[in-house]
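Could you have a look at this structure, given as structure tokens, before my questions?
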Amino acid sequence: MVMYSLEILLISILAGIVGSVLGLGGGIIVTPALTLLFGVSIEHAIGASIISVIATSSGSAIAYIRDRITNLRVGMFLEIATTVGAITGAFIGGLIAPNLLYIIFGLLLVYSAVNMIKRKKGGQQEQIAMHPAAAKLRLGGSYYDKAAQEQISYNVGNVYGGFGVMYGAGVVSGLLGIGSGSFKVMAMDVFMKLPLKVSTATSNFMMGVTAAASAGVYLLRGDIDPHIAGPVALGVLAGATIGAQIMQRMKSKTIRMLFIPVLLYVAFQMIYEGVAL
């Protein structure tokens, strides 16, 4: 039992590092690892994954907020769309075929990955005009890039497009019970043109808020096993803290090259699930 918990702890540390660097919450590693490597039921794996998202956000958000990389205004603004979308998804669950949504959002992720590949100047912020809504809400900001060793100021564009994608991400999360970290990063990076480091840091912050709201439901269902969730939480928290330090010293272009394969994997997995249903 001790060795079992130690193995889960080690896998969770890796998940925390990856989740913190890419803004995905760690669940993309935790869930398949628990089910495939440790034979954990999918219900308990998903419950532990929710805990891992909260732990990733807790471990990395502190560092990102302290270093002013997270854009709190953008995060809380987009959280409105995600929350309303999740409520919508819960209500229309019986009206829309889940396989159709899987395919639609899978194709959207492929489109976003292609756009990321086209953005060759990954380490530089595009010179875009501040969107009128972004100016009104004061969504623009700046942060110190430790890799480039310079202060980077940025504007925010296409607020409505990013808000719409976030709403869609919320619908998918509420309807299918999946995480939406990849959608959050994609909405901010591809649509709103935020620097990738700001996108991943803000995504980490937002996912913690969303996961904390839904964790109670999983707890009441009995899907959170303390023997599994405990090592996962500790491991992911440690990994996320390490990942937050690693991310700040990585070039944005490197993060983008790591993120694109993960985005494509999630996209094709969603399309496959949609076709298989």
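Which condition from (1) modelled with pLDDT under 90; (2) more than 22 Å from Ile13 (Cβ to Cβ) is the one that Arg249 breaks?
So the condition that Arg249 fails would be (2).
Can I ask one more? Out of all the residues in the stretch 1-27, which are outside any helix (DSSP H, G or I) and surrounded by fewer than 21 Cβ atoms within 10 Å (Cβ to Cβ)? Let's see the steps before the verdict.
Of all residues in the stretch 1-27, those outside any helix (DSSP H, G or I) come to 1, 23-26.
Met1 - this is the single residue of the stretch 1-27 that is outside any helix (DSSP H, G or I) and surrounded by fewer than 21 Cβ atoms within 10 Å (Cβ to Cβ).
From Gly174, Gly216, Gly168, which residue is modelled with pLDDT under 90 and within 17 Å of Met76 (Cα to Cα)?
On the way: Gly174 fails: within 17 Å of Met76 (Cα to Cα); Gly216 fails: within 17 Å of Met76 (Cα to Cα).
Answer to the check: Gly168.
Still on this structure: Take the stretch 115-137 and flag every residue that is at pLDDT 70 or above and over 22 Å from Phe163 (Cβ atoms). Outline the logic, then answer.
Our first condition is that a residue be at pLDDT 70 or above; within the stretch 115-137, this holds for 115-118, 128-137.
Of everything in the stretch 115-137, those that are at pLDDT 70 or above and over 22 Å from Phe163 (Cβ atoms) turn out to be Ile117, Lys118.
Find all pairs meeting these conditions: Cβ atoms under 6 angstrom apart; at least six residues apart or on different chains; first residue within the stretch 69-90 and open to solvent by less than 30 Å² (accessible area, probe 1.4 Å); second residue not in a helix (DSSP H, G or I).
Filtered contacts from the stretch 69-90: Ile69/Tyr143; Asn71/Gly141; Val74/Leu139.
Taking the stretch 255-277 as the region of interest, how many residues are in contact with a Pro (Cβ under 9 Å, 6 or more places away or on another chain) and in a helix (DSSP H, G or I)? Don't jump to the end; show me each part of the working.
Of the residues in the stretch 255-277, the ones in contact with a Pro (Cβ under 9 Å, 6 or more places away or on another chain) are 273-274, 277.
If we keep only those that are in a helix (DSSP H, G or I) as well, we get 273-274.
Of the residues in that region, 2 qualify.
Take the residues in the stretch 28-53 that are crowded, with 24+ Cβ neighbours inside 10 Å and of a type outside the set (Gly, Ala, Ser), then tell me which one is farthest from Ser203 (Cα to Cα).
Leu34
When you go through (1) touching a helix residue (DSSP H, G or I) at 6+ places or on another chain (Cβ under 6 Å); (2) of a type in the set (S, T, N, Q); (3) modelled with pLDDT of 90 or more one by one for Asn204, which number turns out not to apply?
Tallying (1) touching a helix residue (DSSP H, G or I) at 6+ places or on another chain (Cβ under 6 Å); (2) of a type in the set (S, T, N, Q); (3) modelled with pLDDT of 90 or more, Asn204 fails exactly one: (3).
Which residues, taken from the stretch 214-241, are over 21 Å from the mean Cα position of the chain (by Cα) and farther than 17 Å from Thr35 by Cβ?
Across the stretch 214-241, the qualifying residues are Leu219, Leu220, Arg221, Gly222, Pro226, Gly230.
If we scan the stretch 97-104, do we find a residue that is part of a loop (DSSP other than H, G, I, E, B) and either under 24 Å from Leu264 (Cα atoms) or in contact with a Leu (Cβ under 7 Å, 6 or more places away or on another chain) (or both)?
Of the residues in the stretch 97-104, the ones part of a loop (DSSP other than H, G, I, E, B) are 97.
Filter again for either under 24 Å from Leu264 (Cα atoms) or in contact with a Leu (Cβ under 7 Å, 6 or more places away or on another chain) (or both), leaving 97.
Within the stretch 97-104 (the criterion being part of a loop (DSSP other than H, G, I, E, B) and either under 24 Å from Leu264 (Cα atoms) or in contact with a Leu (Cβ under 7 Å, 6 or more places away or on another chain) (or both)), the answer is yes, since at least one residue qualifies.
Can I ask one more? In the stretch 146-158, is there at least one residue being open to solvent by less than 10 Å² (accessible area, probe 1.4 Å) and assigned to a helix (DSSP H, G or I)?
No: the stretch 146-158 contains no residue that is open to solvent by less than 10 Å² (accessible area, probe 1.4 Å) and assigned to a helix (DSSP H, G or I).
To continue, here is another question. Out of curiosity, is Met207 assigned to a helix (DSSP H, G or I), surrounded by fewer than 24 Cβ atoms within 10 Å (Cβ to Cβ) and either in contact (Cβ under 8 Å) with a residue 60 or more places away in the chain or among the acidic types (Asp, Glu) (or both)?
Values: assigned to a helix (DSSP H, G or I): yes; surrounded by fewer than 24 Cβ atoms within 10 Å (Cβ to Cβ): no; either in contact (Cβ under 8 Å) with a residue 60 or more places away in the chain or among the acidic types (Asp, Glu) (or both): yes.
Spelling it out, it is not the case that Met207 is assigned to a helix (DSSP H, G or I), surrounded by fewer than 24 Cβ atoms within 10 Å (Cβ to Cβ) and either in contact (Cβ under 8 Å) with a residue 60 or more places away in the chain or among the acidic types (Asp, Glu) (or both).
Same structure again: Of the residues that make up the stretch 7-20, is at least one acidic (Asp, Glu) and closer than 21 Å to Thr200 by Cβ? Before you say what the answer is, go through the steps one by one.
As a first pass, look at the stretch 7-20 and keep what is acidic (Asp, Glu): 7.
Adding the requirement that they be closer than 21 Å to Thr200 by Cβ leaves none.
No, the conditions are met nowhere in the stretch 7-20.
The values are calculated or read from the model by the stated rules, or taken from the named source; none is laboratory data. Just so it is clear, the model here is predicted, and its values are computed rather than measured. FYI the Cβ positions are ideal-geometry reconstructions off the backbone, even for glycines, and counts take in every protein chain you see. Protein only, heavy atoms only, side chains kept; ligands, DNA and RNA dropped before computing areas. Shrake-Rupley method; radii C 1.70, N 1.55, O 1.52, S 1.80 Å.
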